[in-house]
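One structure below.
The values are calculated or read from the model by the stated rules, or taken from the named source; none is laboratory data. Just so it is clear, the model here is predicted, and its values are computed rather than measured. With ideal geometry, Cβ positions are generated from the backbone for all residues, glycine too; neighbour counts draw on all protein chains shown.
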Amino acid sequence: MIFVTVGSMMAFDRLILSMDKWALEHADSDVLAQIGGGNYRPSHMRWTRMLPPSKFQEAVRNAAVMVAHAGMGSYFIAAEMRKPIVMLPRLAANREHTTDHQVHTIKWLRDRPGVYAAMSDDELEPAITRAMTGGSVASAEFARFAPEPLLRRVRQFLID
């Protein structure tokens, strides 16, 4: 199964429309999308507006590949569950966000194992193909807590 998520904050109709087209062309694939408050309603893949946290984690756990906006939360959940992730950044020019920080995020993440960058809609399909045959996000790159030296410096700063 491919699990598509736009995150919990904003709609991302461009991603959902692109994935609905992908699902039409790959009718044998099971695709589930969390579409948030978007206006576009998919007709070629299963979808829901929002999943409760336990169902969201279950969807990621059951996914062979995760497809998402280029948000750090999406990267962290993929890393935690060791899932390959295809990321398409929201663009300020399309009014999908107020800045292009997701473009910078994906440029920073794209060389990490298990991260497959799609910088445009046209790059989504080849990125999914690479993700299905490539590796997952290495959990060694992901830590739930800051490194101890950083924590010591923050503690020292707070004490002084």
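Somewhere in region 132-155, is a residue out of contact with any helix residue (DSSP H, G or I) (no Cβ under 8 Å at 6 or more places or on another chain), at pLDDT 80 or above and in a helix (DSSP H, G or I)? There is at least one residue in region 132-155 that is out of contact with any helix residue (DSSP H, G or I) (no Cβ under 8 Å at 6 or more places or on another chain), at pLDDT 80 or above and in a helix (DSSP H, G or I). Of all residues in region 30-42, one or more are over 15 Å from the mean Cα position of the chain (by Cα) and within 28 Å of Asp111 (Cα to Cα). Here Arg82 fulfils each of the conditions (1) outside any helix (DSSP H, G or I); (2) at negative phi apart from (2).
Per-residue answers, yes or no, for (1) touching a residue at least 12 places away in the same chain (Cβ under 8 Å); (2) within 20 Å of Pro89 (Cβ to Cβ); (3) of a type outside the set (Phe, Trp, Tyr); (4) not in a loop (DSSP other than H, G, I, E, B):
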residue	(1), (2), (3), (4)
Arg14	yes, yes, yes, yes
Ser18	yes, yes, yes, yes
Leu32	yes, no, yes, yes
Gly37	yes, yes, yes, no
Tyr40	yes, yes, no, no
Ser43	yes, no, yes, no
Met50	yes, no, yes, no
Arg61	yes, no, yes, yes
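For region 89-105, the set of residues classified as surrounded by 14 or more Cβ atoms within 10 Å (Cβ to Cβ) and modelled with pLDDT under 90 consists of Arg90, Leu91, Ala92, Glu96, His97, Asp100, His101, Gln102, Val103, Thr105, listed by residue number.
Across region 111-123, the number of residues qualifying as in contact with a Gly (Cβ under 8 Å, 6 or more places away or on another chain) and part of a strand (DSSP E or B) comes to 1. Restricted to region 41-61, and to residues there that are hydroxyl-bearing (Ser, Thr, Tyr) and at pLDDT 95 or above, the residue that is nearest to Ile85 (Cα to Cα) is Thr48.
When Pro126 is tested against (1) in a loop (DSSP other than H, G, I, E, B); (2) loosely packed, with under 13 Cβ neighbours inside 10 Å; (3) modelled with pLDDT of 90 or more, just one condition goes unmet, and that condition is (1). Looking only at residues in region 48-88 that are among the hydroxyl-bearing types (Ser, Thr, Tyr) and surrounded by fewer than 20 Cβ atoms within 10 Å (Cβ to Cβ), the one that is farthest from Arg112 (Cα to Cα) is Thr48. When region 1-35 is filtered for residues that are under 18 Å from Ala78 (Cβ atoms), surrounded by fewer than 20 Cβ atoms within 10 Å (Cβ to Cβ), modelled with pLDDT under 95 and not polar (S, T, N, Q), the ones remaining, listed by number, are Gly7, Met9.
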